[in-house]
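Participant: Sharing a structure below in structure tokens format, with a few things to ask.
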Amino acid sequence: MLIVNPTDNFLEPLLISSAAEFPLVIAFLGAMGGLLTFGLVGLFLGPLILAVLLAIWRKRLEGNAPEVERYPRNAPH
């Protein structure tokens with residue numbers, strides 16, 4: 001597949017990564033991995049799966065941030 005249509009193999013991850021805040025390398029790896037695993041459908045399915053996993057990962061890291069107290073303990077009531 002890399003020989004048949006090399007422009008599509010590089011253009012599609014570039015468009016996916018610029019449309020959604022998604023690193024180009026991850027989009028490219030997702031497209032190539034999806035293509036090898038699922039065929040033509042995987043070309044689009046691979047980056048989609050990685051984008052969802054990246055969003056879940058970012059949300060999980062965001063949820064683990066230490067919470068800031070709204071009201072200090074020594075503040076007068």
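Participant: Output the number of residues of region 30-41 satisfying the condition of being more than 18 Å from residue 56 (Cα to Cα) and either part of a helix (DSSP H, G or I) or at pLDDT below 65 (or both).
Facilitator: Quick first cut of region 30-41, residues more than 18 Å from residue 56 (Cα to Cα) only: 31-41.
From what is left, the residues that are either part of a helix (DSSP H, G or I) or at pLDDT below 65 (or both) are 31-38.
Of the residues in that region, 8 qualify.
Participant: For region 37-53, how many residues meet the condition of being among the β-branched types (Val, Ile, Thr) and closer than 20 Å to residue 21 by Cα?
Facilitator: Here is the first cut: in region 37-53, the ones among the β-branched types (Val, Ile, Thr) are 37, 41, 49, 52.
Imposing the further condition that a residue be closer than 20 Å to residue 21 by Cα reduces the set to 49, 52.
Result for region 37-53: 2.
The values are calculated or read from the model by the stated rules, or taken from the named source; none is laboratory data. Small disclaimer: the values here were computed from a predicted structure and weren't measured.
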